[in-house]
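Taken together, the values in this text are just the output of simple stated rules run on the coordinates, not laboratory data. Computed from a predicted model, the values in this text were never measured in an experiment. Neighbour counts run over all protein chains shown; Cβ positions are idealised from the backbone, glycine included.
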């Protein structure tokens, strides 16, 4: 009888652990989806809307889009570097070529690093003070005519 109780207890512990693991796998994408927000870029060609994940914690900013195999058009990641500062990025462990859009505190685009090299450890600098960096799939800036001086509308930038 004691053997049955021990075996039953182990079975319950194993099932509970499996359930918790499964819940984490299911909740992972949902938790990430909860941080997705719209962002608009106003260019001379019109308003372009993107759906962006926010990277606000040190862990989120360090990981960024690393290890992802694809990034759909219209999606991206917005890094919050408040307060405005010199920002340096790289492409280590990032498999998708990106356009990195460096944005000042007033929401104006400072600089765009287009078609970055996947997996490179070359430093990509903001070239001035930036409050945020928007990473989108390579070719996005050219496709939509996004240029330095264009305006980004998102609550991170002066509450707009």
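Would a scan of region 89-98 turn up a residue that is within 14 Å of the chain's Cα centre (by Cα), within 17 Å of residue 55 (Cβ to Cβ) and not in a loop (DSSP other than H, G, I, E, B)? Yes: region 89-98 contains one or more residues that are within 14 Å of the chain's Cα centre (by Cα), within 17 Å of residue 55 (Cβ to Cβ) and not in a loop (DSSP other than H, G, I, E, B).
Tell me which of these residue 113 doesn't satisfy, since it passes every other one: (1) under 22 Å from residue 36 (Cα atoms); (2) crowded, with 17+ Cβ neighbours inside 10 Å. Going through (1) under 22 Å from residue 36 (Cα atoms); (2) crowded, with 17+ Cβ neighbours inside 10 Å one by one, residue 113 breaks only (1). In region 97-148, the residue that is nearest to residue 85 (Cα to Cα) out of those that are in contact with a helix residue (DSSP H, G or I) (Cβ under 8 Å, 6 or more places away or on another chain) and touching a residue at least 40 places away in the same chain (Cβ under 8 Å) is 101. Residue 104 meets all of the listed conditions (1) within 15 Å of the chain's Cα centre (by Cα); (2) under 16 Å from residue 154 (Cβ atoms) but one, namely (1). Restricting attention to region 30-56, which residues are assigned to a loop (DSSP other than H, G, I, E, B) and more than 11 Å from the chain's Cα centre (by Cα)? The answer is 34, 44, 45.
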